[in-house]
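Input: a single structure, listed below in structure tokens.
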Amino acid sequence: MKTYLSIIFVLFFSISFGQGILEPGVRLRDEGKYEESISYYLNEKKEGYWDWGHKYNYAKVLALAGQVDSCFFYLEENINKRIAVQSLRDKEFIGIKEDKRWTTYEQSVINKHIPCKDVTFSAEIFRILALSDKESTNIKLLFELINKKGWPKQSQVGDAASYIFATLIYEDLFLVQAKKHLKELKELCIKGEIDCEYFADTYDLVQKKANKPQKYGAIFNIDYDNDFKRIYYKFVDEKKINKWRTEIGLKKLEEFSD
């Protein structure tokens, strides 16, 4: 059996676009063979295999290879595609963010795809999420920002509010810090300022980390040998779970399970 959260995360947070991990250009890039990866993409372009996924992966390897002008050219080629949002937090582009063109690009992407009241705050979040997770630097910087500006709201920073959870929810330090904000997160959830599924997941993961029962039914196992039956992690009170779920705008557990 395998433990699941109630949310099945969107795969684009972790996959490589185009043909995914099997694409030779991605493999070569990840092996540090940047020139060979670039040659692969140039050949793909010559052969006519040149969609937005190829352009995006090509821009990644160009950034890593230090071909900044060409990288920005292909980022701009994709700017009207939703994938442009992903570029704000992909680690491959960290090295070009000191270029003055990045701020203009970054703001254009946010305005086109995730319009919000505070573009600067949204951009700050994406820049932090793109940082290395070594020593949890990204989480430490994120909560320094949150302690300064408050928890990011959907109306304030757009989709950056959801990217926080999708990127960091499994990290222990994130749960330690988020525990201090659970009351605030619940209020924001009820107001529609954060995704309530993410709130429920965060709350129940914090509980589980403390060896306490869950409240919202976000954590369960799947028994593959028993018709994919869900085996839920222990509840605070199974009779009240639907009441608690509907209070924050979630479906009843049996409706969610269907």
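Just a few scattered comments:
- Subset of region 202-224 [acidic (Asp, Glu) and either crowded, with 22+ Cβ neighbours inside 10 Å or more than 18 Å from Leu253 (Cβ to Cβ) (or both)]: Asp204
- Failed condition for Asp227, given (1) of a type outside the set (A, V, I, L, M, F, W, C); (2) open to solvent by 50 Å² or more (accessible area, probe 1.4 Å); (3) at pLDDT 95 or above: (3)
- Every test in (1) open to solvent by less than 40 Å² (accessible area, probe 1.4 Å); (2) more than 25 Å from Ala63 (Cα to Cα); (3) touching a Phe, Trp or Tyr at 6+ places or on another chain (Cβ under 8 Å) is passed by Ala178 save one, and that test is (3).
- Among the residues here, Ile248 does not qualify as in contact (Cβ under 8 Å) with a residue 60 or more places away in the chain, farther than 18 Å from Phe126 by Cα, touching a Leu at 6+ places or on another chain (Cβ under 8 Å) and open to solvent by less than 10 Å² (accessible area, probe 1.4 Å).
- Of the residues making up region 27-81, those that are surrounded by fewer than 15 Cβ atoms within 10 Å (Cβ to Cβ), farther than 22 Å from Arg101 by Cα and of a type in the set (Gly, Ala, Ser) are Gly32, Ser39, Gly48.
- Annotation note: of Phe220, Phe199, the sole residue that is of a type in the set (Phe, Trp, Tyr) and touching a Cys at 6+ places or on another chain (Cβ under 7 Å) is Phe199.
- When region 102-135 is filtered for residues that are over 22 Å from Tyr74 (Cβ atoms), of a type in the set (S, T, N, Q) and surrounded by fewer than 19 Cβ atoms within 10 Å (Cβ to Cβ), the ones remaining, listed by number, are Thr120, Ser132.
- Per this entry, Phe12 is counted among residues that are modelled with pLDDT under 95 and open to solvent by 60 Å² or more (accessible area, probe 1.4 Å).
- Scan region 230-239 for residues that are part of a loop (DSSP other than H, G, I, E, B) and open to solvent by 80 Å² or more (accessible area, probe 1.4 Å) and the total you get is 1.
The values are calculated or read from the model by the stated rules, or taken from the named source; none is laboratory data. Quick caveat, the model's predicted, so the values are computed rather than measured. We place every Cβ from the backbone using ideal geometry, glycine too, and count neighbours over all the protein chains shown. Each accessible area value is taken on the protein alone, full model and side chains, heavy atoms only, with ligands, DNA and RNA left out. Shrake-Rupley method; radii C 1.70, N 1.55, O 1.52, S 1.80 Å.
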